[in-house]
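Here, each number is a calculation from the coordinates, and none is a lab measurement. Bear in mind that the values here come from a model prediction, so they are computed numbers and not experimental data. Every residue, glycine as well, gets a Cβ built from its backbone with ideal geometry; the counts of neighbours run over all protein chains shown.
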Amino acid sequence: MAIGHGALLTRTRKQVIVLAALVAIAPAFFALFRSPSTPTDLASYLPDKGGTLLSIDVDGMRKSGLLNMLAGAKAAEEPEYKDFVQQTGFDYKHDLDALVSTFRSGQIFFVLRGRFQWDRIRDYAMKHGGTCKNTHCAMDGSKPERRISFYRLRSDLMALAISPDDMASYQIARNASKVSPFTPDAPIWVLVPAAVLKEANSLPAGTRAFTMALENAERVVFSAGPEGDHLQLSLDVTCSNIEAASALLVQLENTTNTLRRMLSREHQEANPADISGVLVSGSFRRDDRKVLGQWPIQRVFVDALTGGAH
């Protein structure tokens, strides 16, 4: 039977409408089912606690050799860690690709992306006194108030929390909080709210003067990455205006020069293996209302932190 011209137009319109609808929803569909890949994607799962935000590109560090440099020899040799790897089949050196974390007020939240053998991890938790229901588990941490809870977000994503609350990991969920799209071009970075710097009373000697200078900044970002034969720690501070940035630049330079003079008075050389050697090597500049800083970190300092040669 021949199809009339009107019927053909009607069917064509319906096909066009269906096609347009598919085109419209396709981005949302793929966004829903694709695995989060950027730090911003991963951080969107974290609850908004107004705390420090940490991002580590573990896979990028592994490929560049930086992970092996920073991991240290001692951790991999610890009997407890070897036992953990054997029972769970998870070794961060090979199986972890990325992590983001936020921490403040005694709670730490993580999103981990990697390759997890969920049944073995669940069994490990239960064998060590934990309780599990479906994919959610809770177990003791190093202290009674540091309970560890985790659950499977996706096959390659783990939500993990350290908190007095066994259910704390459930605060980690898709679109738990909005995150600034700002992402430094570095494998390791930390975004520190100024309010957190004001609470930082237990930092290593010599660093408190630097944090006090940063307390009135709008945003403070530390990042670290390879630079030739050493690491480089970078600072990116956003101030409220150019005048505030200029004042901060003077403060940072004065603090660094004061530390240099103190070492000189005590007839000491800056030791690249301790924090004083790192701090006195700092250099700073201003770009509009931003203040940028850099500290080279030598291999001897990394070895001192991680337990010696690899």
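Could you run the Karplus curve 6.51 cos²θ - 1.76 cosθ + 1.60 with θ = phi - 60° over the stretch 232-237 and give me ³J(HN,Hα) per residue in whole Hz, x for Gly and Pro?
Residue by residue, the stretch 232-237 yields 10, 8, 10, 10, 10, 10 Hz.
Based on other C-beta atoms within 10 Å, arrange SER276, SER283 from fewest to most.
SER283, SER276
Would you tally the net charge around ALA245, using a Cβ to Cβ cut-off of less than 15 Å, leaving ALA245 out, and scoring K and R as +1, D and E as -1?
-2
About its Cα centre, what dipole magnitude does the stretch 45-171 give when the only charges are +1 on Lys and Arg Cβ and -1 on Asp and Glu Cβ, stated in debye to the nearest 20?
So the dipole magnitude of the stretch 45-171 works out to roughly 140 debye.
Out of residues 5 or more away from GLU215 or on other chains, whose amide H comes under 5 Å of its own, with H placed 1.01 Å from N in the peptide plane?
Excluding prolines and chain starts, which carry no amide H, there are no hits.
Tell me, what ³J(HN,Hα) does each residue in the stretch 251-264 have, in order and in whole Hz, if you take phi through Karplus 6.51 cos²θ - 1.76 cosθ + 1.60 with θ = phi - 60° and put x for Gly and Pro?
Once θ is set to phi - 60°, the couplings for the stretch 251-264 become 4, 5, 5, 5, 4, 5, 5, 5, 5, 4, 5, 4, 5, 5 Hz.
On the Cα set of the stretch 188-306, report Rg and Dmax in Å, please.
Radius of gyration, then largest Cα-Cα span, for the stretch 188-306: 14.2, 40 Å.
Find the relative contact order for the stretch 45-171 and round it to a whole percent, using C-alpha pairs within less than 8 Å whose residues are 6+ positions apart.
Over the stretch 45-171, the number comes to 22 percent.
Per 0.36 nm of contour for each residue apart, how much would the distance between ASN134 and SER155 grow if the chain were fully extended, relative to their Cα-Cα spacing?
Gain on stretching ASN134 to SER155: 6.2 nm.
Each residue of the stretch 89-105 in turn: what ³J(HN,Hα) in whole Hz from Karplus with 6.51, -1.76, 1.60 and θ = phi - 60°, glycine and Pro shown as x?
x, 10, 10, 4, 5, 10, 10, 9, 9, 7, 8, 10, 8, 9, 8, 4, 6
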